1. If packing is taken as the mean number of other Cβ atoms within 10 Å per residue, what is the order of 243-256, 45-58, 222-235, highest first?
2. Go through K263/K287; K12/K269; K49/K142; K49/K128; K8/K295; K12/K212 and tell me which ones have a Cα-Cα distance over 28 Å in this structure.
3. Which far-off residues, 5 or more places away or on another chain, put their amide H under 5 Å from the one on Y262, with H placed in the peptide plane?
4. Enter the angle in degrees (range 0 to 90, nearest 10) between the Cα long axis of helix 131-143 and the first principal axis of the Cα atoms of the chain, meaning the one along which they spread out most.
5. Using the heavy atoms of the protein chains and a 1.4 angstrom probe, tell me the accessible area per residue for the chain in square angstrom.
6. With label points built 7 Å along Cα→Cβ from the Cα atoms of D302 and E222, find their separation and express it in nm.
7. Using a 1.4 angstrom probe on heavy atoms only, work out the carbon and sulfur share of the accessible area of region 29-88 in %.
8. If you fit an axis through the alpha-carbon atoms of helix 167-196 and take the longest principal axis of the Cα set of the chain, what angle between them do you get, 0 to 90°, nearest 10?
Amino acid sequence: MSEESYNKYISKHIRNVYRRRLFSPILYLIILLVTWLTFPMYDVLFPQKLTDSDEISVYTKQHSAYVETDLKDLYFTGYTSTSLGRAAGYYYYTMRGDQCTIVLLSPHTCEEGLPFIESLHIRGKVLKGGSAYRTLLGSLSKDLNWTEQGISKQAGSHFISEPAFQPIPSAILILVYLSTGLYALLHVILNILYMKFPVLAPACRRLGRFGKPSELLAQAEEELATLPQLATEDMFITEHYFIVLANYGVAIFPIPEILWIYKHSTLHKILWRHFSISYTLHVTANKHLYIQCPKNMKSDIDGIIDYLSEANHDILVGFSEENRRKVREMQPYPPTIERIIELFQKGTKGNKNHPDVPDSGE
C-alpha cells in the first residue's frame, strides 16, 4: 500500500467495521416491527372493551380478539372443559342485552363451579367454537328446554374464554420483545455514533488508559500513514503502536505497554482427517488489555512476535505457566478495582501523561 492508501486508515476501518455491524440490528428491528403489526401484542396488555351491545363474533375479524368486559348474572351450565384429565375451565351462560353469551371461566375465578355469579369483571379471548362447543350447545338446549337451532341462534358461534387469555406469558414475551428491541436500537445508535466519530469506538476509548484517546489515535494514524514498519493482512506495527485492523474489530496497543505475546495453534479436522492448522496471536498489555488475533499465517505471527520482542525487550514471549504467573503479578487487581485506584491517584496527584507513551507531537 502507498502512503496515501494508509491516510486515516484506522478511522476508515473503524467506520467500515461498524457499518457492517448495522445490518443485523436493523434487520432485527424490521422483524420486530413486522411482528408488532402482524400479531396483537399490544392488545394482550390493553384488551379491547366489550359492551353489552357488541356482537362478540366481530372481534375475531378485527386485529385482536382479546377483550375486557363486565358480566352479570352468570349461570353454571354444568359442563367443563378438561385438559389432561383435569378441569381447565367451567362453562357459564349469561345474557348481554338480548344475546346469550357462553363464557368459559378459569377454575379459580368461579371457585371451581359456583352455581351462580352475580357480577364479574374478566379479561378473555373471543374464540370460534368447534365441535366441543357445538356439543355443549346441544346438551345445554336440552337442559333449558330450548331447540338446538334456537340456542345456536341466541348464543352464536363464538364464546369468551378466560383461560385463553394468558397475561403472564404474554407480558414476559412483550418484555423480551421490548428489551431486545431497545438493545438492537442501542446498537444501531452506537454503531452510527462510532461511524461518525471513530475516536469514540471502544478500541480508541481503551487508549484513554494511557493518555488522551484523540491524541494517541492521531499519533497512530500519522505513524501508519507514513508506512508501517511491519504489515500483514490485518496487523501492523508502527514506531510506537501495534495495530490490529481485522473484520471482527479493531485494537490499538502502545508497544511499551505490551506485557506478553504468544501464539496458539489449532488443528482442524473432519472425523479422522486433518486438513488445516490455524494460528492465533494472543496479546496482553497493561491495564488489563487483551486481544486474540485468530486465523493468521504462522509466518505472519512469527514476524509480529519477533519484531515486538525486539522493540520492547520487557515483553514476555511464549506461553508458559511462569509467564502467566508473572503477568498476573504485574496486574494484581481486577480491572474495576485498578480503575478506582487510578482515579484516586489522579485525584490526589493530578492528571499526568503516561511516561512510556510519547505525545502525538513527538
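The values are calculated or read from the model by the stated rules, or taken from the named source; none is laboratory data. Predicted, not measured: the structure shown is a model, and the values here were computed from it. Cβ coordinates were reconstructed from backbone atoms using ideal geometry, including for glycine residues, and neighbour counts include every protein chain displayed. These area figures cover heavy atoms from the full protein model, side chains too; ligands, DNA and RNA do not enter into them. Shrake-Rupley method; radii C 1.70, N 1.55, O 1.52, S 1.80 Å.
1. Values: 243-256: 19.9, 45-58: 14.6, 222-235: 16.9.
Result, highest mean Cβ count within 10 Å first: 243-256, 222-235, 45-58.
2. Working: K263/K287 21 Å; K12/K269 36 Å; K49/K142 33 Å; K49/K128 19 Å; K8/K295 26 Å; K12/K212 20 Å.
Result: K12/K269; K49/K142 exceed 28 Å.
3. H282, G318
4. Tilt relative to the chain: about 30 degrees.
5. On the way: 21200 Å² over 362 residues.
Per-residue value: 59 Å².
6. About 3.6 nm separates the two model spin labels.
7. Details: 2250 of 3830 Å².
Heavy-atom surface of region 29-88 belonging to carbon and sulfur, 1.4 Å probe: 59 percent.
8. Once rounded, the angle reads 30 degrees.
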